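A quick write-up on the structure given underneath.
The values are calculated or read from the model by the stated rules, or taken from the named source; none is laboratory data. Predicted model only: the values in this text are computed from it and were never measured. Neighbour counts are summed over all protein chains in view; Cβ atoms, including those assigned to glycine, are modelled from backbone coordinates with ideal geometry.
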Amino acid sequence: MNLHQQQRQQVISRTRKDRIKRRAPEYIAGVLASATNTLLTYPLNKLIFRQQIHGLTSTDAYQQLKREGFIILYRGLSLPLIQKTMSLGIMFGTNNHYLRIMQTWSSEEHWYHQPIASLLAGATEAILCPLERTQVLLQTPKYNKSLSSATHAFAEMYKFNGIREFYRGFSLIVLRNSTSNAAFFAFRTPLKNKLPKTNSKWKNSLYDFISGGLLGAVLSTLTYPINVIKNNIQSELGGRKIYAYEMLRSVYDERGQSVKEFYRGAKWNFTENLIRKRAEHNEGELFSLEEVSLHQQDIEKIEFLDKWCRELKILYLQSNLIPKIENVNRLKKLEYLNLALNNIEVIENLEGCESLNKLDLTVNFIGLLTSVENLRDNNNLKEFLDGVEITKTERILALQNYDKISKRILEREKEFQLQREKQKAEYKKVSEQKLSENSDDQDFWNRHTEYTPESRIESHEKLKKNRDHNDKEKKTETKQPRQYIGEDGRILNCNEPKVDFKMLDDDDDCIMLDVSVYRHMDTSLIDVDVQPNYVRVTIKGKVLQLALPEEVNASLADAKRSQTTGHLMIKMPKTNKSSSSTLPTITKITQSNRLADKEEKSNEKISNNNYLEIGTKKVDYSQIVAQNNLKRTNRVQQKKTGNIDRENSTDFIDDPDVPPLV
């Protein structure tokens, strides 16, 4: 090699080192930013993933992660850390790299350079699809046992379709990354320019963080449906290729054809709150729960019972839509399992139920009779299928005839599988016809269909739609506001809180109202309003209103509450009181008169006592009728003439201020 070539080689190496020095900070910045982002937001992303998979609320997902502990919270961090750090490094690094390439091709800068560079950077970022695909499989609950690690997941994916299996959902990742990158780099600078300008480095970094965080939050929300479709496609291992449009239509129909429901997580049925409501007899505690009834709850999958209720002995799951026996294998103490009236076709996943002695599977669709062999390890099982106890003689006879019947059973299973395939095909045809015809409810219920799992689910969905429609109609019906004063101005009585009360009007000066308020209710929840003609007591938003017999002075009214009974006592002074000047003398005179009259009457009674004489007075029985007629005529005359008022006493004073004694 001559000197000229050596010098040329040195210049090339220097230029390469200079390029690496210039571009390395961009890649390093992206890697460090992504690593920091992943470490800080991994718990939040895990909480969001739990909501997407299980449909939990934020508080329920947080409580679930809190119970699992800090160590499990960061389990599986390595794979997303590698994937996201590399992804963000590629995003920032390749974006600037593609932008420089386009700037070298043209002497002037054009508006379309940045969008094209962002789209290309997003497409380049999608080469990490295998890492994202593996992460989705490891987070899918149904592969918790079959896939033990990331390397195991890579090996299993390669067995099915080779390298193509690693890039399932690749087009959706390209679409998501390209659109989000283009929007991010297009709006980041204008958004930052809206913030106050500063020369401080830490303020400039803070503004970058705010603008990037807000923009990232908006973009993640907009691309959320793409992630939902991608996760559903990537959560399947093997099988035929599922197109994005097909999965979009499936998820949209599954979630009630609602965009709002589309943003929620997958539908789940076993919520912790549901089981806690059914565990009221155990004071809401799940870890020590031994019996729970979950029948007629429209449950489509058995979940979380083996984690939350390890002490279960009796489990009722009849009259639901459960197609498969699963997630009960860890219930070692389970003795009775009722799965009647469901859509179960295979007996499986009961090997771990060591204490199971009664299994009810009546009115199901079990056609694979050979699946009964899965119950060989359940040595304590005594009652099976129909709830009738299996005797020893029946076991011996079954073993003796097993070789003869086994061939017939296999033939019947093949016939059953063919029959089920026909039923599924017919159901698809009928469902397509229904979508085109839009048949009414009456036609739906009058149509004759075969009793299959599909027909049960269809009828259940129809009933659910009708129920939801009725609920919406009930919600739209607005209640008319209660009238407390009539159209004619009359005060209306009402007792919305349904409390006992007593109104006392014995005193001449005031009216007392005793309301039996709940003893332990806080006084801040009670409001009293006294008006001249009525009184209104509001207890927790419910009104007790009573019209008053007389007009009261509302400004002098007083309300007190008993500390022992909790009752509310309202004292309302009357406005029209009797005069106090003449009333005391009158009462004295009347009291003395009453005492004198009582003494006179007592003396008259003593002097005019008539004693019963025995044997001295003779009775003329012949004049009895005439004497009775005379008494009757005297009574009639007294009624006609009327009672004669007695004369006033000598010391009587006629005072006009004293009301008449009526």
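Computed quantities for the displayed model
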item: Qualifying positions in the stretch 385-419 - over 28 Å from K358 (Cβ atoms) and in contact with a helix residue (DSSP H, G or I) (Cβ under 8 Å, 6 or more places away or on another chain); result: L410
item: Options N401, N374, N364; residue that is within 16 Å of V346 (Cβ to Cβ) and either among the basic types (K, R) or not in a loop (DSSP other than H, G, I, E, B) (or both); result: N374
item: Condition met for T362 (surrounded by fewer than 10 Cβ atoms within 10 Å (Cβ to Cβ) and either farther than 24 Å from I457 by Cα or of a type outside the set (D, E) (or both)); result: no
item: Test for D522: is it modelled with pLDDT under 90, in contact with a Pro (Cβ under 9 Å, 6 or more places away or on another chain) and charged (D, E, K, R); result: no
item: Residue within the stretch 515-523 that is within 13 Å of M572 (Cα to Cα) and surrounded by 14 or more Cβ atoms within 10 Å (Cβ to Cβ) present; result: no
item: Positions within the stretch 128-145 being surrounded by 12 or more Cβ atoms within 10 Å (Cβ to Cβ) and either without any contact (Cβ under 8 Å) to a residue 12 or more places away in the chain or farther than 22 Å from I90 by Cβ (or both), in sequence order; result: L137, L138, Q139, T140, P141, K142, Y143
item: H460 vs. criteria under 24 Å from the mean Cα position of the chain (by Cα) and at pLDDT 80 or above; result: yes
item: So N343, is it polar (S, T, N, Q) and assigned to a loop (DSSP other than H, G, I, E, B); result: yes
item: Filtered residues of the stretch 101-157 (kept if among the β-branched types (V, I, T) and part of a helix (DSSP H, G or I)); result: I101, T104, I116, T124, I127, T134, V136, T151
item: Selection status of I511, over 19 Å from S555 (Cα atoms), at pLDDT 85 or above and not charged (D, E, K, R); result: no
item: Checklist (1) in a strand (DSSP E or B); (2) touching a Gly at 6+ places or on another chain (Cβ under 8 Å) applied to L337, failing item; result: (2)
item: Pairs where the first residue, in the stretch 513-526, is small (G, A, S) and the second is at pLDDT 85 or above and outside any strand (DSSP E or B), C-beta under 7 Å, 6+ apart; result: S516/V499; S516/D500; S516/H567
item: Close pairs from the stretch 395-422: first touching a residue at least 40 places away in the same chain (Cβ under 8 Å), partner polar (S, T, N, Q) and part of a helix (DSSP H, G or I), Cβ under 7 Å, at least 6 apart; result: I409/T370; E413/T370
item: Leading residue by the ranking (surrounded by the most Cβ atoms within 10 Å (Cβ to Cβ)) among those in the stretch 150-192 that are basic (K, R) and more than 18 Å from G239 (Cα to Cα); result: R176
item: Odd one out for H152 among (1) of a type outside the set (K, R); (2) modelled with pLDDT of 80 or more; (3) touching a His at 6+ places or on another chain (Cβ under 9 Å); result: (3)
item: Only one of N329, N342 that is of a type in the set (S, T, N, Q), outside the structural domain of R456 (by TED's automatic domain parsing) and closer than 25 Å to K462 by Cβ; result: N342
item: Qualifying positions in the stretch 312-348 - of a type in the set (V, I, T) and farther than 16 Å from N374 by Cα; result: I314, I322
item: Positions within the stretch 378-416 being within 42 Å of the chain's Cα centre (by Cα), of a type in the set (D, E, K, R) and surrounded by 13 or more Cβ atoms within 10 Å (Cβ to Cβ), in sequence order; result: K382, E383
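Table: residues versus (1) exposed (fewer than 12 other Cβ atoms within 10 Å of the Cβ); (2) modelled with pLDDT of 70 or more; (3) within 21 Å of R188 (Cα to Cα).
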{"position": "L40", "(1), (2), (3)": "yes, yes, no"}
{"position": "L47", "(1), (2), (3)": "no, yes, no"}
{"position": "Q51", "(1), (2), (3)": "no, no, no"}
{"position": "L88", "(1), (2), (3)": "no, no, yes"}
{"position": "M102", "(1), (2), (3)": "no, yes, yes"}
{"position": "S106", "(1), (2), (3)": "yes, yes, no"}
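Yes/no matrix, rows are residues, columns are (1) outside any helix (DSSP H, G or I); (2) touching a Pro at 6+ places or on another chain (Cβ under 6 Å); (3) within 21 Å of N95 (Cα to Cα):
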site	(1), (2), (3)
A182	no, yes, yes
T189	no, no, yes
K203	no, no, no
L206	no, no, no
L219	no, no, yes
I233	no, no, no
